[in-house]
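For reference, the structure is listed below as structure tokens.
The values are calculated or read from the model by the stated rules, or taken from the named source; none is laboratory data. Because the structure is a prediction, the values reported are computed rather than measured. Here the Cβ positions follow ideal geometry from the backbone for every residue, glycine too, while neighbour counts run over all protein chains shown.
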Amino acid sequence: METHTHNGSSGLPFCNQPNGLPDPPALQPLWDSVLRREGLLKSPLFPALFNFAVYTAFCSPFVALDLLSPWLPFLRRYKIQPQSSPTPQMAWLCLAQSIYHHVVFIFPVTVAHWYWRPVSLPRMAPEVPTLLLQVAACLLLFDFLSFLWHLLHHKVPWLYKNFHKVHHKHISTFALTTQYASVWELVWLGFFTVVGPMLLRCHPLTEMTFFIVNIWLSVEDHSGYDLPWSTHRLVPFGLYGGAPHHDLHHLKFKFNYAPYFTHWDRLFGTLSHSAKPREVKVNQD
Ligand SMILES: [Zn+2]
Ligand SMILES: [Zn+2]
């Protein structure tokens, strides 16, 4: 987490300021409640546990949908590829790989990061507009860097074969395929996640908000469901691709390289909106 200087004059939470001083930020009560768990936040275990807990929490409603859909057929109308369903064994293999990567790779990397850049938490919360703007900027930067990485790993056969192919094991996505990837891919995606908050010197609350939003959007991308409240339905003008676009990437392989937004694929001529049966080619690599 980013290092910050102490920003409050008294060193105490900003909620008991005397009259006449500026109002505390609207997020101060939330940030004060987070600060009450300062010991947990500063623990070297926290980043890996936070990532895994948020990831599995966001996957679980979609896992429940997959388990229920054989008995509740109306749920299948929201499935992007209604003919396919993950088996419990497929789901468990993805989860087991995720646990293994968190324990063997992500945990040591985050502990090393904790050692070199100890967490320091400011007393004051960020302002809401600043938080929203910085989260949007971090998402756009993550989307751009991921697009370039993804395009490169499809255009260079050696990179695809050695580093990205494993993520394409499933041509029909389900939530737990989100982090089913090589260590190389996870390390780069992790770097693209932390570089935005570092460059923008984000407040830790902004950084955590971005991490949570980013994990949600990546899980939704792979959920295999197009629900009435899916993000791509909430963002106007087709600016956001979301689950239908990324599912199509797993199915058709050579379109929709950006994880979230559509502008980079539009610019590079790699945007595709729908799977026409005659165009569908299953990846045989
Ligand atoms: Zn790909
Ligand atoms: Zn994917």
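Of the residues 205, 199, 186, 227, only one is within 27 Å of residue 92 (Cα to Cα), in contact (Cβ under 8 Å) with a residue 24 or more places away in the chain and part of a helix (DSSP H, G or I); which?
Values: 205 fails: within 27 Å of residue 92 (Cα to Cα); 199 fails: within 27 Å of residue 92 (Cα to Cα); 227 fails: part of a helix (DSSP H, G or I).
Of the residues listed, the single one that is within 27 Å of residue 92 (Cα to Cα), in contact (Cβ under 8 Å) with a residue 24 or more places away in the chain and part of a helix (DSSP H, G or I) is 186.
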Among the residues in the stretch 218-229, are any more than 17 Å from residue 61 (Cβ to Cβ), within 15 Å of ligand 2 (Cβ to nearest atom) and either under 17 Å from the mean Cα position of the chain (by Cα) or of a type in the set (Gly, Ala, Ser) (or both)? no
Go through the stretch 230-244 and report how many residues are surrounded by 15 or more Cβ atoms within 10 Å (Cβ to Cβ) and in a helix (DSSP H, G or I). 5
Out of (1) within 16 Å of ligand 2 (Cβ to nearest atom); (2) surrounded by fewer than 22 Cβ atoms within 10 Å (Cβ to Cβ), what's the single condition that is false for residue 247? (2)
Could you tell me which of the residues 100, 160 is closer than 22 Å to residue 222 by Cβ, away from ligand 2 (no atom under 16 Å from the Cβ) and of a type in the set (Ser, Thr, Tyr)? 100
Number of the exception - residue 186 against (1) more than 16 Å from ligand 2 (Cβ to nearest atom); (2) at pLDDT below 95: (1)
Within 12 Å of ligand 2 (Cβ to nearest atom) and either in contact with a helix residue (DSSP H, G or I) (Cβ under 7 Å, 6 or more places away or on another chain) or in contact (Cβ under 8 Å) with a residue 12 or more places away in the chain (or both), is that true of residue 238? no
Go through (1) part of a helix (DSSP H, G or I); (2) touching a residue at least 40 places away in the same chain (Cβ under 8 Å); (3) out of contact with any Gly (no Cβ under 8 Å at 6 or more places or on another chain); (4) surrounded by 13 or more Cβ atoms within 10 Å (Cβ to Cβ) for residue 125 and report which single condition fails. (1)
Which numbered condition in (1) surrounded by 14 or more Cβ atoms within 10 Å (Cβ to Cβ); (2) in a helix (DSSP H, G or I); (3) away from ligand 1 (no atom under 11 Å from the Cβ) is the only one that residue 170 fails? (2)
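Going residue by residue through the stretch 67-75, is there one that turns out to be polar (S, T, N, Q), in a helix (DSSP H, G or I) and at negative phi?
The answer is no; no qualifying residue exists.
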Test of understanding: among 141, 133, 148, which residue is of a type in the set (A, V, I, L, M), at pLDDT 95 or above, within 16 Å of ligand 2 (Cβ to nearest atom) and farther than 22 Å from residue 56 by Cβ? 148
